[in-house]
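The block underneath contains the structure these notes are about, expressed in structure tokens.
The values are calculated or read from the model by the stated rules, or taken from the named source; none is laboratory data. Given the structure is predicted, the values throughout are model-derived calculations rather than measurements. With ideal geometry, Cβ positions are generated from the backbone for all residues, glycine too; neighbour counts draw on all protein chains shown.
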Amino acid sequence: MMKRLLLCLSSLILAGGVCGGPLLLRLYFLRGGHLIWFASWIQTAGFPFILIPLFISYHRRRSGGKSPEKAKLFQITPFLSVCAASIGILVGVDNYLYSYGVAKLPVSTSSLIIATQLAFTAGFAFLLVKQQFTAYSVNAVVLLTLGAVVLGVHAGSDRPAGESEKGYVVGFVVTVAAAGIYGLILPLVELSYRKGKQSASFDLVLEFQLIMGFVATLFATIGMLINKDFQAIGREAREYELGLGKYYGLAVASSMTWQLFFVGAVGVISYGSSLLSGVIITVLLPVTEVFAVVFYHEKFQAEKGISLFLSIWGFVSYSYGEIKHINSLKPAAAAAAHSSLSSSLSSTAVAPSSRPSV
């Protein structure tokens, strides 16, 4: 029951990040932002916020009289720390590619392109963690991927004003590359947990993300130093359309929202699977697309409607398959419990007769 509750909590946190992160990032570019490295830095720079719940949890363990092992500040093992740091480098690369794509494409388009990450996730999950597939999950992956392909047929028809055709095409390709890298990241996180052989707890999820966020932020910081973005931030903030205060407020809000995304994704992997995390991300992308149309008045062409329909159809297919799979396991679980109970009662019945008489 606790595992299911934590899975639901992780899913809700992930939902907030999936819907809010891209919208805030696009707002940065729409109102005068143009620093790609800074945009990628924002996505993980909020990692220090994770220290707040970790310190609260540490204080509760200390005051609760836990064993010295469980009362340690950090529970993560050296092996998982190395895994998190290595994946953090990939996250840094992925953030840069994604930021570049968002700068060139409308949110509605980039969100649907990112939906292709589910196909990459499925492929890498099969290779790395031996993910088992059903006809329903395969159907879901095909439908969601087909939705992105339909979108790409008329790529360029929704090119933002002032954006060159070459820039739009490069943004499209780079966004697909970002989807592919993130499709690899999710199974790598699941593989790390399996190889680490450490029981999943919400503290461990936070610590894993803390290390990933630190390394990814360090990667983006190096990029900002090389590109001299730190010197340009002050000038960009003064010239920003929404004003100086809102510029920095948007940066902080984006950082916190993206932390919801990453913590939620790692949490769903810990208590579910990398494929489930990919499915949740993909099915929420059409919601982000609708918000972009409402708030940013982006175009909603026929191919986007078809893509949205295929995404919803794919999610329904996956959900139905999972429900059917769970229901098929219930009779077997009940039979196993009945067998265990019968064995236990038999042992209890035999035990008195085996005692020697006084």
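For this structure, a couple of remarks:
Residues checked against (1) surrounded by fewer than 13 Cβ atoms within 10 Å (Cβ to Cβ); (2) polar (S, T, N, Q); (3) in contact (Cβ under 8 Å) with a residue 40 or more places away in the chain; (4) out of contact with any Ser or Thr (no Cβ under 7 Å at 6 or more places or on another chain):
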position: Lys3; (1), (2), (3), (4): yes, no, yes, yes
position: Leu30; (1), (2), (3), (4): no, no, yes, yes
position: Trp41; (1), (2), (3), (4): no, no, yes, no
position: Thr44; (1), (2), (3), (4): no, yes, yes, no
position: Pro53; (1), (2), (3), (4): no, no, yes, yes
position: His59; (1), (2), (3), (4): yes, no, no, yes
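- Residue match in the stretch 239-259 (condition: at pLDDT 85 or above and closer than 22 Å to Tyr318 by Cα): no
- Just one of the listed residues (Val102, Val169) is at pLDDT 75 or above, closer than 29 Å to Thr44 by Cα and crowded, with 24+ Cβ neighbours inside 10 Å, namely Val102.
Listed here are the residues, each with its yes/no results for (1) closer than 21 Å to Glu241 by Cβ; (2) part of a helix (DSSP H, G or I).
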residue: Leu5; (1), (2): no, yes
residue: Ile13; (1), (2): no, yes
residue: Cys19; (1), (2): no, yes
residue: Tyr28; (1), (2): yes, yes
residue: Gly33; (1), (2): yes, no
residue: Phe38; (1), (2): yes, yes
residue: Leu51; (1), (2): no, yes
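- Selection status of Gly213, closer than 27 Å to Phe74 by Cα and surrounded by 13 or more Cβ atoms within 10 Å (Cβ to Cβ): yes
- If you filter the stretch 222-280 down to residues that are more than 24 Å from the chain's Cα centre (by Cα) and outside any helix (DSSP H, G or I), you find that the one that is surrounded by the most Cβ atoms within 10 Å (Cβ to Cβ) is Tyr240.
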